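J.: The structure under discussion is supplied below as structure tokens; questions concerning it will follow.
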Amino acid sequence: MDPSSLKILQGAAGAAGAEKIGVEDVFKTYVYKGNGNTSTQVLNTKIPLSTYGGLIWTKGRDQATNGHYLFDSERSSYGKRLISSSYGSESTETDINAVSDTGITITSHSNNNNDKYVAWTFRKAEKFFDIVTYTGNGTAGRQISHNLGCVPGVMIVKARDINSSSYANWSVYHRSIDSSSPENYVIKLNTTDSRYTDNDWNDTAPSSTHFTVGSAWETNKNGENYICYLFAHEEAEFGPNSDQKIISCGSYEGTGSAGLSVTLPFEPQYVWIKNADRNSTNWVLFDSMRKIVDGGDDAVLKLNSNNSESASINYIDLTPTGFTVQTTSHDDTNQNGDTYIYIAIAAETGKTMKAIETGSDV
């Protein structure tokens, strides 16, 4: 680079003041092959989990014996595992050998020799993602503080020590699960059930500082320990000018016909979809690292199932302004008249990357 151009870049960076945060600083999809070693499988995610904390979510792609395993900084520093497809209680595991600001060392169940895996990393960051732990008191109207810095778009709560299909399912709040009163509804991450009314959220909308739980065991049993993952919705806080949105928690209505367009403020790299109206439907997950093929079959994993990855259906195509649903009369993604909720995270593009600050960033 010519020196005068570098000076301009450095000057702009200095004038910008505080560090600019892009999607690549808070989220990463990492695919890898297991090597069976207990200390040498390092995923160079470059997400600063050691400094900020966050969530590591792994899944074995070609075997059904590996579930969706969740580890986070708030539960024994990544030493406790929960499984998104199970109502079971957390267990002490050694899948995460070490965590730094540059990567993760993977071992145990998440590193079987020659097996294919994916790891999604979510860093705690205002207006993107937060994690809260709390102990229930059994009293409806209990307020739980959070540090998301905005009103949550999605909240996912799990009782950590209860092992019961009646009282320990994963409770999900989604801002678009109902057009008028989403706080009156809950949907369960580990099941194929549709939304229903319950008192998980005490019929109270979350705020930018706290959320409210009722007296249900799945969110507020007296003396029980809970974990809550909170996701923001379309907060303009990221990118070179701190005005880009990198996460969206919305909904669309199915048409039953291919070509249904879903508009987002970015091109996504990661998309969850769930039919909120119909029982026996899956939480389907797509990401561009595992294969979302334009006009071809997409690699899908199901958050409510240990099933291995499959790729036999053209579910969605990505666009610069969202995604297009390509299935026809498909219960999981596009049944006519059904409401579908989603979480989408922006791709790593020039629109959402942080500002160039040094010559080595170029």
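J.: Which of these values of Kirkwood radius over Cα pairs in Å was calculated from the structure shown: [x] 22.5; [y] 21.8; [z] 21.0?
T.: Checking each listed value against the structure points to [z].
J.: Using only alpha carbons, build the gyration tensor for region 82-224 and give me the equivalent ellipsoid semi-axes, biggest first, whole Å.
T.: On the way: eigenvalues 160, 68, 46 Å².
Ellipsoid half-lengths, sorted descending, are 28, 18, 15 Å.
J.: What accessible area per residue comes out for the chain, rounded to a whole number of Å², with a 1.4 Å probe? If you can, show how the numbers build up before the last one.
T.: On the way: 13890 Å² over 362 residues.
Using a 1.4 Å probe on heavy atoms only, each residue of the chain averages 38 Å².
J.: Mind jotting down the distance between the C-alpha centroids of region 41-110 and region 210-280, whole Å?
T.: Taking the Cα centre of each part, region 210-280 and region 41-110 sit 21 Å apart.
J.: Percent relative contact order of region 49-145, based on C-alpha pairs within less than 8 angstrom and at least six residues apart? Each step should come with its number before you reach the end.
T.: Values: 158 pairs, mean separation 29.7, N = 97.
RCO, region 49-145: 31 percent.
J.: Follow-up. Defining a contact as two alpha carbons under 8 Å apart and six or more residues distant in sequence, what relative contact order in percent does region 138-227 show? Numbers along the way, then the final one.
T.: Working: 204 pairs, mean separation 35.4, N = 90.
Computed over region 138-227, the figure is 39 percent.
J.: With the crude spin-label approximation of a point 7 Å out along Cα→Cβ, what separation in nm comes out for residue 196 versus residue 64?
T.: If labels sit at residue 196 and residue 64, their model points lie 2.6 nm apart.
J.: Apply the Karplus curve 6.51 cos²θ - 1.76 cosθ + 1.60, θ = phi - 60°, to the phi angles in region 248-255 and return the couplings in whole Hz, x for Gly and Pro.
T.: Values, residue by residue: 9, 10, x, 8, 8, 9, x, 10 Hz.
J.: At a threshold of 8 angstrom on Cα-Cα distance, excluding pairs fewer than six apart, so keeping six or more, what relative contact order does the chain reach in percent? All intermediate terms of the calculation are to be shown ahead of the outcome.
T.: On the way: 1040 pairs, mean separation 67.3, N = 362.
Dividing the mean separation by the residue count of the chain yields 19 percent.
J.: Cross-link partners among lysines for residue 116, C-alpha distance below 18 Å, same-chain residues fewer than 8 apart left out?
T.: Within the straight-line cut-off, residue 116 pairs with 28, 33, 59, 291, 302.
J.: How high is the FRET efficiency from residue 160 to residue 312, r the C-beta distance, R0 35 Å, rounded to 0.05? Don't jump to the answer; show the numbers that get you there.
T.: On the way: r = 36 Å, r/R0 = 1.03.
The formula returns an efficiency of 0.45 here.
J.: Take the solvent-accessible surface of the protein heavy atoms, probe 1.4 Å, and return the percent of it on the chain that carbon and sulfur atoms account for.
T.: Working: 5800 of 13890 Å².
On the chain, the fraction of accessible area on carbon and sulfur atoms equals 42 percent.
J.: With a cut-off of at most 12 other beta carbons within 10 Å, and DSSP calling the residue loop, which GluC sites (Glu not before Pro) in region 237-313 qualify? Please list them.
T.: none
The values are calculated or read from the model by the stated rules, or taken from the named source; none is laboratory data. Just so you know, these numbers come straight off a predicted model, no measurement behind them. Positions of Cβ are generated from backbone atoms using ideal geometry, with glycine treated the same way; all protein chains shown enter the neighbour counts. What goes into the accessible areas is simple: the full protein's heavy atoms, side chains included, and nothing from ligands, DNA or RNA. Shrake-Rupley method; radii C 1.70, N 1.55, O 1.52, S 1.80 Å.
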